[in-house]
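J.: Here it is, the structure, as structure tokens.
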Amino acid sequence: MSSPVGPAVAAPAAQSTASALVAKLSASQAEIAELDLKIGQLREAANRAFVDLHDAQSRSEQARRGAEEAKRRLEESQAAVEKARAELSAVTRSQYRNSAGGSPIQALGGEQSQKDVLDRSLFLRQRSEEKQQKLAEVEQARLEAANDESLQRQASEVAQQAADEAVAAETATRDELASLSSQLDDVIEQREAASAELNSIESDVAQERGISNSPAPQSAEVHETPAETYEVSPELLDAVEERVNEIAPGADVPNEQALVQAVNTAQRTGGYVEVSNQADTPRLEYSEGSDVTDLLTQAATIVASEALVGSSQPDHSETANPYGGSSTSEVIAAFAQGLNSVLAADSSAGQPESATSDLSQVVPAVGTFESITNEVRSALAPSANSSSVETVIARAEAMIGTPYVWGGGDANGPTVGVNGGSMSGFDCSGLVLYAFAGVGISLPHYTGYQYQRGTPVAPSEAQRGDLLFWGPGGSQHVAIYLGDGMMIEAPQAGQNVQIAPVRWSGMSANAVRLL
């Protein structure tokens with residue numbers, strides 16, 4: 001007959017069960033975190049494919065225009081050869097006619113005759129020198145024509161290669177997108193299974209603790225409440241738009257939503273004017289004589305920065321070549337788009353140094369993300385870094401509650417993203433791109449390329465406004481650090497832009513400081 005289990009035996013058994021459940025819970029949470037990063041990596045790989053595709057298309061257009069310029073130069077140099085030859089022929093005929101003057105006997109006939117002979121001799125010598133000069137000009141024109149012909153041939157070859165690469169990149173992007181979508185479905189299915197198991201484990205842990213259906217406590221709270229917004233009077237919006245036209249006359253005309261958002265951002269970061277609370281929603285007013293100069297300047301700078309950066313970037317989720325079938329003005333406008341890399345760097349491979357140098361004479365310059373950033377910030381002179389950091393964060397916080405959309409987000413706000421559809425939102429790199437566009441910083445829509453920008457710092461030394469990354473080379477996820485162990489991010493499908501505790505697990509080697 002067995003002895004009953006006493007309290008001294010039952011207590012360790014219960015403690016062992018609880019410990020096992022907690023360990024299982026931790027393992028399940030770690031598995032889901034790992035799957036989330038893998039999902040992020042697959043989605044960001046698609047973003048990279050789109051960025052690289054747009055680069056290839058822009059390089060193709062860059063090379064095509066270079067080939068056209070080389071062809072124009074060749075035609076001009078060939079025309080110069082023909083002109084030099086015609087002038088040489090004219091000098092030769094003139095010299096021949098004038099050489100048939102009087103005989104030497106006539107030269108002895110008198111002082112005037114001798115003077116005529118000397119004049120003719122001097123004239124013939126001058127024509128001879130002129131002929132030699134024309135011969136040299138023909139030779140130089142021939143040399144330049146030969147060089148231009150070689151340059152035109154090189155430029156045409158580069159243009160054809162770039163065009164082929166653009167077509168191949170489009171095909172590769174479509175294929176990779178299909179492959180990534182398939183892989184993504186598999187990983188999402190794994191995550192759903194892991195999530196169901198986690199819920200079951202949490203239920204077991206809750207029962208073991210005697211708390212029915214209570215999840216394990218979180219170390220810090222996730223915030224999904226949007227930042228406070230203000231109504232903005234039409235007079236104030238008109239004043240901001242007028243200021244935008246003054247500081248950036250070439251910027252696209254801003255819509256009302258962009259103006260309202262910019263005024264809200266400026267007010268939240270600077271507290272420039274008193275807020276009227278007479279209505280249910282706080283309202284920002286503008287009246288004659290009121291001191292709103294700083295608010296107008298800050299809001300207008302945000303609007304202009306967003307517009308200029310936005311106009312320089314392609315439609316992220318579009319695979320079709322934006323340059324085909326466009327008018328000249330449309331092509332030139334589209335060609336202002338920033339590149340992550342430019343032809344000057346890529347075409348140097350396999351080309352002699354002299355050939356690369358020659359090509360640079362005809363290939364038009366293309367703005368990179370870095371050069372566009374420098375141009376916009378130099379033109380608009382944004383406020384000091386500390387204020388710029390708060391502007392970036394305010395723009396991101398204004399989007400709290402906006403849904404996660406894969407490939408969503410550009411310099412102007414939420415977009416429908418890679419899958420199309422009717423829902424607009426942000427993915428992680430799209431949210432960062434949007435936030436920094438308001439201070440004139442142009443970023444590619446891929447975490448791995450954003451990771452290569454700015455100044456790398458240790459994550460433990462990150463400051464407010466720095467970027468935090470996850471995965472090798474920042475390839476999986478990005479968020480904006482807020483300080484005090486918190487960050488703002490567009491986390492994953494099914495969730496919204498939120499403020500959350502920093503997840504240190506799986507973080508990349510560096511954080512990045514852009515301001």
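Quick note: the coordinates plus some simple rules give every number you see, no bench work behind them. Values in this document were obtained by computation on a predicted structure and should not be read as measured data. Reconstructed Cβ throughout: ideal geometry from the backbone, glycine too, with neighbour counts over all protein chains shown.
J.: Counting only other residues whose beta carbon sits under 14 Å from that of GLN183, what net charge do I get with K and R as +1, D and E as -1? Write out the running numbers ahead of the final one.
T.: Values: positive: LYS38, ARG43, ARG191; negative: GLU44, ASP175, GLU176, ASP185, ASP186, GLU189.
Local net charge: -3.
J.: Another question, then. Using the per-residue mean of other Cβ atoms lying within 10 Å as a proxy for protection, in what order, highest first, do the peptides 495-504, 259-268, 430-439 fall?
T.: On the way: 495-504: 17.6, 259-268: 24.2, 430-439: 28.1.
The packing order, highest mean first, is 430-439, 259-268, 495-504.
J.: Under 5 Å between amide H atoms, partner at least 5 residues away or on a different chain: which partners does ASP410 have, H built in plane at 1.01 Å?
T.: THR415
J.: Still on this structure: Once the Cβ-Cβ distance between GLU246 and ALA23 is put in as r, and R0 is 51 Å, what FRET efficiency do you end up with, to the nearest 0.05? All intermediate terms of the calculation are to be shown ahead of the outcome.
T.: Numbers: r = 64 Å, r/R0 = 1.26.
In this case the efficiency is close to 0.20.
J.: Which length gain, in nm to one decimal place, applies between GLN78 and GLN463 when the Cα-Cα distance is subtracted from 0.36 nm times their residue separation?
T.: Details: separation 385, 0.36 × 385 = 138.60 nm, distance 6.13 nm.
Roughly 132.5 nm would be gained on extension.
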